[in-house]
Every structure is written in structure tokens, then in C-alpha cells.
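Data block below; observations after.
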Amino acid sequence: MLHRLLIYRNLLEDNLVQGVQNLLKALNEFNKQDLSSLQNQYSEITASLLKFGFEKNIRNSLWKNYIDHLILQDENIFSLSCEKDTNNIDSNVKEALKRDLVVLNEFSCLDWDAIASKIGIEPLSFLSTTIEKKTINIDETILKLSDYYYKNGCGIMGKYKAFRWDKGLKGIENPDSVRLADLIGYEEQKKTLIENTEAFLQGKKANNILLFGDRGTGKSSSVKALLNEYAHRGLRLIEVPKHQLIDFNKIISLIKNRNRYFIIFMDDLSFEEFETDYKHMKAAIEGGIEKKPDNVLIYATSNRRHLIKETWSDRQNADGEVHISDSIQEKISLADRFGISITYTSPNQKEYLEIVEGLAKKHGIDIPKEELRRKALQWEMWHNGRSGRTAQQFIDYMLGQK
């Protein structure tokens, strides 16, 4: 049946779809001696659909919902076109799509009760319903699909909002849920981040950003929070480790033509003096022969202002380099490639206590203010010093004592 597909041929590669096609083929060649094998195939399919329903919180019509899920997640010439513009779909693509939708509707409305009865198994109500429609409004379905792909994206871009690069784009199932409102203090820093990101999402000129400063001050959390604030407006976050900066052009080739806005996130970025990966970083920021796309920005965090470790031996010319100033300038100029640098410094005692009090209020910790402050100061003395991270760790401790 599905061999006739043109647009949605990727569905042929799905293991469960293949299992159902094999079961249907075996049913057409039904032999009483094959009964146990057919029952086993049926049970494997049912178990997979039960798992799908549990994960997606779906209770009825599991088979039809599974096919609908595959359709919505599929990346093909139709879904990619709709992601950019729903009003400019190629007429040939639309003609092929109409035939595909008829085929897929027939396949998604299999009579599982009849299949179960034929192989001697009691039917299960959650696989299909007796009221399934055998016909669909093709034009209405195309409009709904077009709208879905435009709003949500398709393929891996529609399924995930956050990614990491690990020799390929890997979706992150449960990205950090931190919001900007959770980050108490650092209002000017957040304001700069928001203004730049807003401009980016509006298609205006925006800058790459370096967030640098003391550890535990919320640099990484600030960037992660942007995803939760703006994912509904098409923002996506891709975390790239520094040792894979060499793959920057591969990443760009995957995302440059997608109708989404991408922040390439490099966390805790710094380079030792012997490392040369920073050269790839320079090329990534400035672009090579190919211009960096308008839908891509780079946000990096670091504890170092100049990113590349510089030693006194550099200045004393221990290696005997003739143009030592050129070497020094090459090392310290990387940070200058970022259009905006935002400084995060450790809070003073007053700011630290304000963060603690704000977090305590958010988490419903109801103890006298003076007692909370006294314990918070003891905590920062005994542990990691004053920072937003230390304040959160103290609050976690207090919650554990409830």
C-alpha cells in the first residue's frame, strides 16, 4: 500500500510501519500453521503502540494517532516549503501530496478488530475505533498541515527546541526550564540580552554576545532562559563544544535555509595557550568566504575576558618570536570579535542576600528574615562564596530541611 507514496516516503523507513506492512502481507498469505507467528507480530505492534500512547498521553485510536504523529514530524519537500511560506507550494508537489494523503488515510484506518479476530486474539479497543472515517477532506487537511509546519517547523526542528552538536545535530528532550524571572538581579545584563535577541527575532541587525565574569553568576542560565522566553517565536538553541568548532560550517549548512532563528551557544569558553581551536572560533564569528546567515547568532560564556590564556612568557618573548606584539594581539583580539560583551560580577553581600530572599519567597520558605540572612551568610562562608549559584544551593539545602 505505502509503496505508492511520493512525498511521505520517509515513513517507509519507520520500524513500526514496516512491522504493520509485514503483518498485512502475512495475513494475505494466511495459513493456520503461521498463527502463533502472526499473533506474535500483532502483540509486538500493540506493545509499541501502547508505549507510544503512554509517552504522548494518548489513550484512543493509537494507530491513527501514530501515523498522524509521523506525518507531522516528517521532513520532506512539502513540509520544508510550508515552514518558509504556506502560500507558495509547487503545484506538482500539491498534486503528489493529495494522492499521498489518500493512501495514508487508508493505511491509518486499518480495522484492527478484524485483524485480531482473524488471528484468534480478542480485539483491543484502544488500537482503533469503530467510527473511524474512511474519507477525508483533502484540501482542508493540506491547509491544516501547512499551518502546522509553518508554526512549528518540521523534522528535528519541529520536534525539539534545543540541540547539542555531537558530530551531528542531537535534539535535547528536556532542556533547562529556567526563565529570566528566575534570575534575580543582573537587570542591566538581562536587559542587554533581551534587546539584542528581540532585534534578532525581528529580522533586524543584532550582535554576537560574549557573557564573561565570575563563576556561578548566571551567565549560562541567562542564555538558556532566552530559549524558554522566545521558543514560541522561532528561537532555537544549539550548544557546541569548543573541540567541535571545526564543524561550524556543517552546522551552518543545516540551519541556514530553515525558517527559524538559531543561537549557537558556546558555554564556558576558554582556550589554553597551546590550543588552536580559537582560530575556528574567529572564522565562525567573522565568516569566511560564505557569509554567516542572518538567522544565526553566537552567544558564548566564559570566566575569562580575553578567552585565550596569556602568560608573562608571551610578553617576555620566551620563544624568541620577532613580532611578539602580533602574537599577543592575536590572542587578546578574539573577544573583540563579539559585538557585545556583558560582564557578570559576583554580588556584594547586599545583592547576595537579595537573591537569597527572592529565591526563598519564590519557593515558599517561610522563616524570619534575620534567621534566613544569618544562615545564608554562614552558607556562603562555608561553601563557594557569594554568587547566584551559591544562593540557589543554599535554598535547595533549606528546602531539603523542610
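Rolling a 1.4 Å probe over the protein heavy atoms of the range 188-233, with every protein chain left in place, gives an accessible area that is 43 percent carbon and sulfur.
For the range 166-229, trypsin sites (Lys or Arg not before Pro) are listed when DSSP marks them as loop and at most 16 other Cβ atoms sit within 10 Å of their Cβ; the list is Lys167, Arg179, Lys204, Lys205, Arg215. Listed values for the range 150-158 are Karplus-derived 3J(HN,Hα) couplings in whole Hz (6.51 cos²θ - 1.76 cosθ + 1.60, θ = phi - 60°), namely 5, 7, 10, x, 9, x, 5, 6, x, and x replaces Gly and Pro. The Cβ shell under 9 Å around Asn295 holds other residues with a net charge of +2, Lys and Arg each +1, Asp and Glu each -1. Over the range 1-133, with every protein chain in place, what whole percent of the accessible area is carbon and sulfur at 1.4 Å, could you tell me? Carbon with sulfur: 47 percent of the solvent-accessible area. Return the loop-located GluC sites (Glu not before Pro) in the range 139-188 (DSSP other than H, G, I, E, B) with at most 11 other Cβ atoms within 10 Å of their own Cβ; answer none if there are none. Sites meeting the loop and neighbour criteria: Glu173. Between the amide H of Val296 and those of Phe262, distances stay under 5 Å, these residues lying 5 or more places away or on another chain, with hydrogens modeled in the peptide plane. Pairs of Lys residues in the range 1-132, spaced 8 or more positions apart or belonging to different chains, with C-alpha separations under 29 angstrom: 18 in total.
Of the trypsin sites (Lys or Arg not before Pro) in the range 34-113, which ones lie in a loop per DSSP and count no more than 13 other C-beta atoms within 10 Å?
The qualifying sites are Arg59.
The values are calculated or read from the model by the stated rules, or taken from the named source; none is laboratory data. Because the structure is predicted, anything quoted here is derived from the model rather than measured. Here the Cβ is made from the backbone with ideal geometry for all residues, glycine too, and neighbour counts use every protein chain on show. Quick note on the areas: whole protein, heavy atoms, side chains included, nothing else; ligands and nucleic acids left out. Shrake-Rupley method; radii C 1.70, N 1.55, O 1.52, S 1.80 Å.
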